[in-house]
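Shown next, in structure tokens, is the structure this report addresses.
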Amino acid sequence: MKIFITGAKGQLGKEIIRQIEDRYPTYEVVATDIDNLDITCSDQVFDAILSAKPNVVINCAAYTNVDRCETNEYKAFSINGIGVQNLSAASFKVGAKLVQVSTDYVFDGTANHPYRETDSLNPINVYGASKKLGEDMARTLNPRHFIVRTAWLYGDGANFVKTMIRLGREKGKVKVVDDQVGSPTSTLLLARCILDLIHTDSYGVYHGTCQGSCSWYEFAKEIFKLADMDVEVTPTTTEEFGSPARRPAYSVLDNFMLKLIGLDSFVHWREGLEEYFEGGFIQQ
Ligand SMILES: NC(=O)c1ccc[n+]([C@@H]2O[C@H](COP(=O)([O-])OP(=O)(O)OC[C@H]3O[C@@H](n4cnc5c(N)ncnc54)[C@H](OP(=O)(O)O)[C@@H]3O)[C@@H](O)[C@H]2O)c1
């Protein structure tokens, strides 16, 4: 099996490569990132995929800075939309399966129940709209697609957990939004899920997040508890915090389709966070 990975230096890309080496040591991995393959460049994408002829393309590349997407709309739609168009068309041409990772931010956050895969999309910020375009491209251009929506992701890279630890160390107190609810999800669990999915022909859209839900404030409290840090955590509102991008108030996802095919291996978010701390991702 040959697996072609884009965004290989990002949080999820690194974890997928680590798990392939661990679980499937005979597999061949072609690891690419912006420095050797810009997914927005159609010629580069076609040359690379047509010469590698992979069995699976896993797209971990994305423009993930939600606030910066608001002022860099063109860049967001290029990377998160056109980049996926290129990868979808090229993977289709070589008969490869495609994994496109998407987000809870394709929903507007007004539901009163965890979102299922079939619920209507209505992104409320540029990032979400650009990721929706990526989903449309994957769905339209390569029928052998797995669109996996995840949320509040943390792994080996810049993320909320590391930001909290840094701010806690620097200031001893933090203010954290308490009126946005979601499901923090570790790259360890998401990578495990994606590597299970690619061994099936069960194409379609999946939700892949940890069980349970919390606000960013509750998430921060748990982070400091596990880090054994005495940090004053004060709840605040989205309005008071005042980020450039609007965010869904409630973006909990139900892993309904994974449950149906018997591949929902996600644990509760608190357990996922414990596993992350045990993995040594946080420098003491
Ligand atoms: N992080 C979250 O909270 C979250 C939540 C829901 C869904 N997701 C989705 O999960 C996936 C993985 O996220 P992540 O947190 O692992 O992302 P990440 O750490 O930001 O990694 C993305 C990687 O893509 C690279 N990249 C950017 N533009 C590129 C281009 N034009 N061509 C090739 N590579 C490019 C980035 O390089 P540079 O760093 O040099 O730009 C980076 O190495 C993404 O699809 C994201 O939308 C993330």
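Here, each number is a calculation from the coordinates, and none is a lab measurement. Values in this document were obtained by computation on a predicted structure and should not be read as measured data. All Cβ positions, even for glycine, are placed from backbone atoms using ideal geometry, and neighbour counts span all protein chains on display.
Among the residues of segment 254-284, the ones that are farther than 15 Å from THR200 by Cβ, in contact with a Lys or Arg (Cβ under 9 Å, 6 or more places away or on another chain) and either of a type in the set (Val, Ile, Thr) or not in a loop (DSSP other than H, G, I, E, B) (or both) come to 2 in all. Residues considered: LYS173, LYS162. Of these, the only one that is surrounded by fewer than 20 Cβ atoms within 10 Å (Cβ to Cβ) and in contact with a Ser or Thr (Cβ under 8 Å, 6 or more places away or on another chain) is LYS173. Looking at VAL252, VAL205, can you tell me which residue is in contact with a Pro (Cβ under 6 Å, 6 or more places away or on another chain) and among the aliphatic types (A, V, I, L, M)? Among VAL252, VAL205, only VAL252 is in contact with a Pro (Cβ under 6 Å, 6 or more places away or on another chain) and among the aliphatic types (A, V, I, L, M). Across segment 7-43, the number of residues qualifying as assigned to a strand (DSSP E or B) and farther than 21 Å from LEU153 by Cα comes to 3. If the condition is being outside any loop (DSSP other than H, G, I, E, B) and either under 19 Å from GLY13 (Cβ atoms) or more than 16 Å from the ligand (Cβ to nearest atom) (or both), then segment 166-184 contributes ARG166, LEU167, GLY168, ARG169, GLU170, LYS171, LYS173, VAL174, LYS175. No other residue among ALA31, ALA8 is within 15 Å of the ligand (Cβ to nearest atom), buried (at least 20 other Cβ atoms within 10 Å of the Cβ) and either hydrophobic (A, V, I, L, M, F, W, C) or at negative phi (or both) apart from ALA8.
The residue of segment 186-212 that is surrounded by the fewest Cβ atoms within 10 Å (Cβ to Cβ), among those that are within 11 Å of the chain's Cα centre (by Cα) and part of a loop (DSSP other than H, G, I, E, B), is GLY208. Of the residues making up segment 43-85, those that are surrounded by fewer than 16 Cβ atoms within 10 Å (Cβ to Cβ) and of a type in the set (Ser, Thr, Tyr) are SER51, THR71, TYR74.
Results for (1) among the small types (Gly, Ala, Ser); (2) touching a residue at least 40 places away in the same chain (Cβ under 8 Å); (3) more than 25 Å from ASN112 (Cβ to Cβ), shown as yes or no for each residue.
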site: LYS221; (1), (2), (3): no, no, no
site: PHE224; (1), (2), (3): no, yes, yes
site: GLU239; (1), (2), (3): no, no, no
site: SER243; (1), (2), (3): yes, yes, no
site: ARG247; (1), (2), (3): no, yes, no
site: VAL252; (1), (2), (3): no, yes, no
site: LEU263; (1), (2), (3): no, yes, yes
site: PHE277; (1), (2), (3): no, yes, yes
